[in-house]
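First up is the structure itself, then whatever we jot down about it.
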Amino acid sequence: MSLSAVAFALMALCVKLVTERLPSIEVVFFRSFFGMLITLFFLIKSGASVWGQERLKLILRGVSGFLALILHFYTISKLDLGLAVMLNYTAPIFAVILAVFFLKEKPGVLVWFMIFTAFGGVILLNSSARNGWQPEIWLAILSSVFAAVAYVSIRTIRRRESPLTIIFYFTLIATAGSMFFLRHWVWPDLREWVLIAGVVIFSFYGQLWMTTSLQQAPSYVVTPFQYLHPVISFLLGWLLWRDPLTWKTLLGIFLIILSATVISYLETRAGVAETSPTPPSESSL
């Protein structure tokens with residue numbers, strides 16, 4: 001999970017740099033298309049099922065993951081790097097809320113308290129943002145909602161399907177979907193091809209390591225390590241672009257990470273490890 005967090009942070013950095021000139025939807029296409037080819041190669045090599053068993057759930061996870069991805073990459077291109085990544089990490093909070101309505105789960109009082117605490121962290125983060133509650137802030141939050149839909153759809157299948165099968169559906173649907181939204185094609189130069197390669201490689205291994213860790217250990221054990229991703233992203237944004245790091249920013253980061261970690265621990269301790277919230281598949285998706 002720690003390696004996954006580092007990989008996703010490097011992926012986000014590559015996205016930020018390459019979208020200085022290229023449209024974000026074009027980067028989504030490259031990331032999805034080449035990721036699909038890599039995944040298919042390892043999938044065939046491993047002998048796992050390409051199409052899986054729970055196909056409707058895999059499709060739902062793929063569509064919701066694709067919508068989360070295009071919004072995530074777009075907001076990375078428009079917002080401070082750390083802020084865009086941290087807002088995407090509110091997805092486990094939305095997953096609990098969605099599970100109440102669609103999976104009939106009943107979170108305890110402390111879980112609800114942590115949910116409100118996390119939203120308090122979001123408010124603190126945005127109050128310290130350079131342009132306040134700009135539209136991209138809301139799109140970043142919407143991205144986390146779609147990511148939460150992906151989590152809820154995959155909770156009952158992640159131990160029956162290969163991680164590679166899950167990633168293949170996601171990359172296949174994202175490739176087809178991004179082609180539909182492509183309008184103005186811009187050919188990458190050599191530097192941008194290197195950055196695109198970084199997006200593809202880091203996102204693939206980030207997803208693979210994250211999914212594998214969640215299959216092999218309780219989520220409350222590994223979830224805290226995934227939050228190295230936004231922490232690294234904030235540090236990179238501060239070092240490379242002088243993104244502000246105020247006391248409100250730091251407190252907001254702390255409240256969101258604390259809330260998601262406590263929720264994951266309480267859910268698992270209650271004996272529902274199979275349905276406990278998990279960190280974003282990135283958006284990392």
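When you check residue 77 against the structure, is it within 29 Å of residue 173 (Cβ to Cβ), of a type in the set (Gly, Ala, Ser) and within 18 Å of the chain's Cα centre (by Cα), yes or no? In short, yes. Scanning for something touching an Asp or Glu at 6+ places or on another chain (Cβ under 7 Å) and closer than 23 Å to residue 7 by Cα, does the range 179-194 turn up at least one residue? Within the range 179-194, none of the residues are touching an Asp or Glu at 6+ places or on another chain (Cβ under 7 Å) and closer than 23 Å to residue 7 by Cα.
Take the conditions small (Gly, Ala, Ser), modelled with pLDDT under 85 and surrounded by fewer than 20 Cβ atoms within 10 Å (Cβ to Cβ) and apply them to residue 217. Does it pass?
yes
Just wondering, is there one or more residues in the range 128-148 that are buried (at least 19 other Cβ atoms within 10 Å of the Cβ), assigned to a loop (DSSP other than H, G, I, E, B) and not polar (S, T, N, Q)? Checked the range 128-148: at least one residue is buried (at least 19 other Cβ atoms within 10 Å of the Cβ), assigned to a loop (DSSP other than H, G, I, E, B) and not polar (S, T, N, Q). Scanning the range 45-103 for residues that are closer than 24 Å to residue 267 by Cα and of a type in the set (Ser, Thr, Tyr) returns 64, 89, 90. In the range 222-246, the qualifying residues are those that are among the hydroxyl-bearing types (Ser, Thr, Tyr) and in a helix (DSSP H, G or I), and the one that is surrounded by the most Cβ atoms within 10 Å (Cβ to Cβ) is 233.
Can you pull out the residues in the range 199-221 that are within 16 Å of the chain's Cα centre (by Cα) and either under 17 Å from residue 154 (Cβ atoms) or outside any helix (DSSP H, G or I) (or both)? Walk me through how you get there before you give the answer.
From the range 199-221, those within 16 Å of the chain's Cα centre (by Cα) are 199-214, 219; that's our starting set.
Answer for the range 199-221, where residues must be within 16 Å of the chain's Cα centre (by Cα) and either under 17 Å from residue 154 (Cβ atoms) or outside any helix (DSSP H, G or I) (or both): 206, 207, 208, 209, 210, 211, 212, 213, 214, 219.
Number of residues in the range 182-198 that are assigned to a helix (DSSP H, G or I), in contact (Cβ under 8 Å) with a residue 60 or more places away in the chain and over 20 Å from residue 37 (Cα atoms): the value is 0.
Results for (1) among the polar types (S, T, N, Q); (2) on the phi > 0 side of the Ramachandran plot; (3) under 13 Å from the mean Cα position of the chain (by Cα); (4) modelled with pLDDT of 95 or more, shown as yes or no for each residue.
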position: 52; (1), (2), (3), (4): no, yes, no, no
position: 65; (1), (2), (3), (4): no, no, yes, no
position: 68; (1), (2), (3), (4): no, no, yes, yes
position: 72; (1), (2), (3), (4): no, no, yes, yes
position: 83; (1), (2), (3), (4): no, no, no, no
position: 101; (1), (2), (3), (4): no, no, no, no
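Among the helices (runs of 4 or more DSSP H) confined to the range 1-117, the ones with at least 2 residues that are of a type outside the set (A, V, I, L, M, F, W, C) and either in contact (Cβ under 8 Å) with a residue 24 or more places away in the chain or crowded, with 22+ Cβ neighbours inside 10 Å (or both) are located at 2-18, 24-46, 55-78, 81-88.
Just wondering, is there one or more residues in the range 151-163 that are among the β-branched types (Val, Ile, Thr), at pLDDT below 95 and assigned to a loop (DSSP other than H, G, I, E, B)? Yes. Within the range 16-50, restricting attention to residues that are among the β-branched types (Val, Ile, Thr) and over 13 Å from residue 77 (Cβ atoms), the residue that is farthest from the chain's Cα centre (by Cα) is 44.
If you go through the range 158-192 and pick out every residue that is of a type in the set (A, V, I, L, M) and either closer than 14 Å to residue 61 by Cβ or buried (at least 19 other Cβ atoms within 10 Å of the Cβ) (or both), you end up with 6.
The values are calculated or read from the model by the stated rules, or taken from the named source; none is laboratory data. All values reported here derive from a predicted model rather than from experimental measurement. Glycine gets a Cβ as well: all are built from the backbone with ideal geometry, and neighbour counts include every protein chain shown.
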